[in-house]
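Written out below as C-alpha cells is the structure these notes cover.
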Amino acid sequence: MEDIFKTVKSSKITISELMLPSHTNFSGKIHGGYILSLLDQIAFACASKYSGNYCVTASVDTVDFLNPIEVGELVTMKASVNYVGNSSMIVGIRVESENIQTGKVKHCNSSYFTMVAKDINGNNVKVPKLILSNFDEVRRFYYCIKMIAVRKDKQEHEEIFDYKSEEALLTLKNYNVKLELN
C-alpha cells in the first residue's frame, strides 16, 4: 500500500465566536472550561479533517491561559496538525481575542491536543504522513517531538522514583509542606 501524504495546510481550521455573558465565570471573565470545550471541538475537527476519520482526544498536553477573555470579545481559534505518528496527531491551537470596538487583538491561549484516529469499530487507524512546507511547520514538528520526549521522561521518572526514600522525604523540607505520615 502506498503512503499517503498531506500538507499541514490541509488540516487548518479557524473558528470565531462572540463571547456572551452566559460564558462567564464568577469573576466576570470568560470561563476557562468553556474555552476548553471549544478547544476540544476544534482539535476534533482539525484531526478528523486531516485524517478523514473519527478522532478522539488522547491527551491535552498543554493549555496555557495567557490573558483573560472579556464578554463581547470575538474569540478566534486557529488549529493545525503539527505532528503525526501512526494513528495519532498533535494539534496545535492558537486562541486570540479581539475587542470588536477597538480592534485590539490579544493572544490568550496556546494549546496542544493529542488526537487518535479511529475506524467505525473503534480501532486505531493509520493517518496520512505530514508534508512540512515551511520552517514554521518544521519548528512546530520539532516542538512536538520535544513534548513527546518530555512526557516519556516524566512517565519513566514516575515509575522509578522512590518517593518513600529518606532522601526524597528530606527534600520536601524545601517546599511548603509539613509531613504528618501515619
Practice problem: Kindly provide the set of residues from region 25-43 that are open to solvent by less than 80 Å² (accessible area, probe 1.4 Å) and out of contact with any His (no Cβ under 6 Å at 6 or more places or on another chain), ordered by number. | Solution: G28, K29, G32, G33, I35, L36, S37, L38, L39, D40, I42, A43
Exercise. Tell me, please, whether a residue that is among the hydrophobic types (A, V, I, L, M, F, W, C) and touching a residue at least 40 places away in the same chain (Cβ under 8 Å) can be found in region 101-110.
Key: yes
Quiz item: How many residues are over 18 Å from A58 (Cβ atoms) and among the polar types (S, T, N, Q) if we restrict to region 122-146?
Solution: 2
Self-check item: Members of region 44-55 found to be over 14 Å from K126 (Cα atoms) and either open to solvent by less than 10 Å² (accessible area, probe 1.4 Å) or assigned to a strand (DSSP E or B) (or both), listed by number
Solution: C46
Quiz item: How many of the residues making up region 13-32 are over 14 Å from P68 (Cβ atoms) and either among the aliphatic types (A, V, I, L, M) or assigned to a helix (DSSP H, G or I) (or both)?
Solution: 6
Quiz item: Would a scan of region 156-163 turn up a residue that is under 19 Å from N82 (Cα atoms) and under 27 Å from the mean Cα position of the chain (by Cα)?
Solution: no
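The values are calculated or read from the model by the stated rules, or taken from the named source; none is laboratory data. None of these values were measured; they are calculated from a predicted model. All Cβ positions, glycine included, derive from the backbone under ideal geometry; neighbour counts span all protein chains shown. Please note that ligands, DNA and RNA were not included when accessible areas were found on the heavy atoms of the full protein model with its side chains. Shrake-Rupley method; radii C 1.70, N 1.55, O 1.52, S 1.80 Å.
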